[in-house]
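What follows is a single structure, written as structure tokens, with notes after it.
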Amino acid sequence: MQPKPDWPLYEIFVRARGGLDHKHVGSVHAADASMAMEHARDVYTRRQEGVSVWVVRSTDIVASDPDEADALFEPARDKIYRHPTFYDIPKEVETL
Amino acid sequence: MSATGEIAPSRDASRAQLEYLLRLGDTSLVLAQRLGEWIGHAPAIEEDLGLANTALDLLGQARLLLAYAGEVEGRGRGEDDLAFLREEAEYRNATLAEMPNGDFGDTIVRQLLIDAYQVPLYERLAGSRDPRLAEIAAKALKESRYHLRYSAGWVVRLGDGTEESHTRVQASLERLWPYTLELFDADEIDRGVLASGVGPDLAAVQGEWSARIDAVLAEATLARPAAPRYRWYGKQGRHSEHLGHLLAEMQHLPRIHPGARW
Amino acid sequence: MYTQGLNELAARPLAAGQENPELLRRFEARIDAEEKIEPKDWMPEAYRQTLIRQISQHAHSEIVGMLPEGNWITRAPSLLRKSILIAKVQDEGGHGAYLYSAAETLGISRAELVDQLLSGAAKYSSIFNYPTLTWADVGAIGWLVDGAAIMNQIPLCRCSYGPYSRAMIRVCKEESFHQRQGYDLMLKLARGSAAQRAIAQDALNRWWWPSLMMFGPPDTASPHTALSVRWKIKRFTNDELRQKFVDFTVPQARFLGLEIPDPALRWDAERGQHVHGEIDWSEFQDVVRGNGPCNQDRLQARRDAHESGRWVREAALAHAAKHARAAAA
């Protein structure tokens, strides 16, 4: 028997303090966005873990496919010239 | 102010202050005790957490207020002495707070009716002439604003939800409405603290309460019940039958272990 | 913690040999390299099923675990103790929520998991099927049960499955206060009146053996531990963790002036460990099978909460649907 539909799932993102990005912390179930906000507060910020919260319907998130990870991210691997450590600068040049 | 001037407030003013602090503290304590009964039994895990947060806020308010009341009383009683060793008739909470949890609708309507009262109350008390009370109220106000958001949100969902939820929550409202009159029915103590600049004008608090409640009920498609006839006076120590049971349960350990430390 | 039923339950899923060998090889190479597995990554079906069972058992245990301690919220003997207890029981609900959330990333819904709990199909930790009879039980649970839980949970923070590992890191951070408040509560009783000391000793007597059972059957009777350890779902065996718990707890009890109810308990200087008496595994099996003192009460309480909350959850959904329609119109 299939159980009755639960409240939909929302993904929760919390900004720990000003100056930091919002970070994914988990999910809650809620009937609407306002309730999701309250649930996020009660579930994920009981110890002042945040100063700002985003709630997003889980079904609204578009995620990359792990099978495509090679095609998406591997091509960046050999572009080592993008990184500052690629360049040997003589020690005498102190301010670079 | 008494004839002896600024140094010592009159016995009456000090008695009114003490009574008033007990009213505020006991209302928060008794409501917290009720909400505590829910934890582990709420309609969803997230609601267990939400109700627990509100209970913790109210308990925190009660501790500050009762500790202060104990100091004003000057007989060496602390928050726990006042909470656990006073009898029913010595409790000064609004009767509404002691009403049993009933179903989730009853609980949430009781919460709305009290939250919508505590917000304008604490807004005013944050400017009380009593600096200690003003400080407690300023902290409590932030909490109450959140409680009101939570309870109002739920009353709207239940009122404007299914046919069943609408019927149930309208019945909760009818059941609990008679107990709201007491909140605004100014007696000698309320007039005393108003005169000394410690407490608010209850008529003004009632005006705001009424407007907020009407707005929530409109959105929830619920009907405001007719004005109640019977008046309760929990704040004067005349309670419903429910408080005795609540206190018997809450107080039994300290009473069977007199003087024990926990 | 609370994953003791895992060993018997993990037997059902696909044997590792039935999976695509190339995918399995790559998966195991990632595990060996201490990489984390994330929700959309390929994983053997046995790994997924084992995790779903373990994480959901853990979540159910947190939720059912709210009940025995919740039993004392209304009777806590001071306002501070009442606040601490509410915060603690609330945290357990929070931990249940984090863990259901982690389990849901494996492709099962919370509604299905809750259904498994309420129908009696899913297991939860047997410890919560014992009654809380006095205030000291609240202390004993914090000290012993949460102590045992922490022992099991800290290694789970390094579990190979990312969402479970992250949930456990959060749980462990929060749990550190749970054990301390329990010990602090016991300390107050141990230093209190004769009546208070008596309830403290009585609580230790009742909770000691069930706490040792929390680590699950002995390794010799846990044939499936090996795969869980290889896939880094589990990092230590039941007996290893149980031993650590005994070694930690014995001196704590001594400091309280309480006696551990095990006449066979002794220090083995050669091994540098305590040796404890025989555990009554028939009691454990009984409780796991549903014949403990409170199995029925605990499940009934969860069923009641679920059933009496149904109209509330439905109303919220109906309200959201109305307003979604209104917004779309």
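Over all other residues within a Cβ to Cβ distance under 13 Å of A:M37, the charged ones net out to -2, with Lys and Arg as +1 and Asp and Glu as -1. Could you work out the relative contact order of region C:66-141, using alpha carbon pairs under 8 angstrom and six or more residues apart, expressed as a whole percent? That works out to 40 percent.
Compare A:H39, B:H239 by solvent-accessible area with a 1.4 Å probe and give them largest first, with all protein chains kept in place.
Values: A:H39 0, B:H239 30 Å².
Order by accessible area, largest first: B:H239, A:H39.
What's the whole-number percent of alpha carbon pairs in region B:38-130 lying beyond 15 angstrom? Walk me through the numbers before you get to the answer.
Numbers: 3039 of 4278 pairs.
Percentage above 15 Å: 71.
Using the 1.4 Å probe convention, the accessible area of region B:11-256 works out to 36 Å² per residue with neighbouring protein chains retained.
Axis of helix A:33-44 versus longest Cα principal axis of chain A: the two differ by about 70°, to the nearest ten degrees. DSSP finds beta bridges in region A:9-66, and of those with both partners inside it, around 100 percent are antiparallel.
Quote the FRET efficiency, to the nearest 0.05, computed for A:A76 versus C:Q296 with a Förster distance R0 of 51 Å and r equal to the Cβ-Cβ distance.
On the way: r = 59 Å, r/R0 = 1.15.
The computed FRET efficiency comes out at 0.30.
For the residues of B:153-166, the average number of beta carbons from a partner chain within 10 Å of their own beta carbon is 6.
Rounded to the nearest 20 debye, the dipole size of chain A about its Cα centre is 520 debye, using +1 on the Cβ of Lys and Arg and -1 on the Cβ of Asp and Glu. Using just its DSSP H runs of length 4 or more, each adding -39500 (n - 2.57), chain B gives a mean residue ellipticity at 222 nm of -22000 deg cm²/dmol after division by all residues. Here the protein assembly as shown exposes an accessible surface that is 54 percent carbon and sulfur, computed with a 1.4 Å probe and the other protein chains kept in place.
Accessible surface area normalised per residue over chain A is 72 Å², counting heavy atoms of protein chains with a 1.4 Å rolling probe. Amide H contacts of B:W232: B:E182, each under 5 Å away and 5 or more positions distant or on a separate chain (H built 1.01 Å from N in the peptide plane; Pro and chain starts excluded). Using θ = phi - 60° in the Karplus curve 6.51 cos²θ - 1.76 cosθ + 1.60, the 3J(HN,Hα) couplings for region C:65-74 round to x, 5, 6, x, 6, x, 4, 10, 4, 6 Hz; x is entered for Gly and Pro. What accessible area, summed over both chains, is buried at the A-C interface (1.4 Å probe, Å², nearest 100)? In total, this chain pair buries about 1900 Å². Report the relative contact order of region A:9-66, percent, no decimals, based on alpha-carbon pairs under 8 angstrom and at least 6 residues apart. This gives 43 percent for region A:9-66.
Our coupling estimate for region A:18-26, obtained by passing each phi through the Karplus curve with A = 6.51, B = -1.76, C = 1.60 and θ = phi - 60°, is x, x, 9, 6, 6, 10, 5, 10, x Hz, Gly and Pro reported as x.
Net charge near B:E174: determine it from the other residues with C-beta under 15 Å of the C-beta of B:E174, scoring Lys and Arg +1 and Asp and Glu -1.
+3
With a ≥ b ≥ c the root eigenvalues of the C-alpha gyration tensor of region A:9-66, is it rounded (a/c under 1.5), prolate (a/b larger than b/c) or oblate? Each step should come with its number before you reach the end.
Numbers: a/c = 2.25, a/b = 1.20, b/c = 1.87.
Oblate is the answer for region A:9-66, as a/c is 1.5 or above yet b/c matches or exceeds a/b.
Each 10 Å bin, from zero up to the one with the longest distance, holds this percent of the alpha carbon pairs of region B:11-256: 8, 33, 38, 18, 3, 0. Here the convex hull built on the C-alpha positions of the protein assembly as shown has a volume of 235 cubic angstrom per residue.
To the nearest 10 degrees, how steeply does helix B:104-125 sit against the main Cα axis of chain B, on a 0 to 90 scale? The angle comes out near 40 degrees. Here C:K322 is the anchor, and the lysines within straight C-alpha reach of less than 24 Å, apart from those fewer than 8 places off in the same chain, are A:K4.
Based on DSSP H runs of at least 4 residues, each adding -39500 (n - 2.57), what is the mean residue ellipticity at 222 nm of chain C after dividing by all its residues, to the nearest 500 deg cm²/dmol?
On the way: 15 runs with 207 residues, N = 329.
When only DSSP H runs of four or more count, the value is -20000 deg cm²/dmol.
Tally the DSSP beta bridges in the protein assembly as shown and give the antiparallel ones as a percent, rounded to 5. Just about 95 percent of them are antiparallel. Take the accessible area of C alone and of B alone, subtract that of the pair with a 1.4 Å probe, and the total buried over both chains is about 3900 Å².
Database remark: amide H of A:S52 closer than 5 angstrom to the amide H of A:R15 (H placed geometrically; neighbours at sequence offset of 5 or more, or on other chains; Pro and chain starts carry no H). Between C:Y161 and C:I37, the built amide H atoms are under 5 Å apart, and every one of these is 5 or more places off in sequence or on another chain. Residues in region B:38-49 carry Karplus couplings, in order, of 6, 5, x, 10, 6, x, 8, 4, 4, 6, 4, 5 Hz; the curve used is 6.51 cos²θ - 1.76 cosθ + 1.60 with θ = phi - 60°, and Gly or Pro positions show x.
With the Kirkwood sum run over all distinct C-alpha pairs, chain C has a hydrodynamic radius of 21.1 Å. Against the main long axis of the alpha-carbon atoms of chain B, helix B:11-36 sits at an angle near 30°. For the pairs C:K82/C:K123; C:K188/C:K244; C:K82/C:K188, flag any whose C-alpha to C-alpha distance is greater than 18 Å. Flagged as over cut-off: C:K82/C:K123; C:K188/C:K244.
The values are calculated or read from the model by the stated rules, or taken from the named source; none is laboratory data. If you're wondering where the values come from, they're calculated on a predicted model, not measured in any experiment. As a convention, Cβ positions derive from the backbone with ideal geometry for all residues, glycine included, and neighbour counts pool all protein chains shown. Accessible surface is based on the protein model in full, side chains and every heavy atom, while ligands, DNA and RNA are left aside. Shrake-Rupley method; radii C 1.70, N 1.55, O 1.52, S 1.80 Å.
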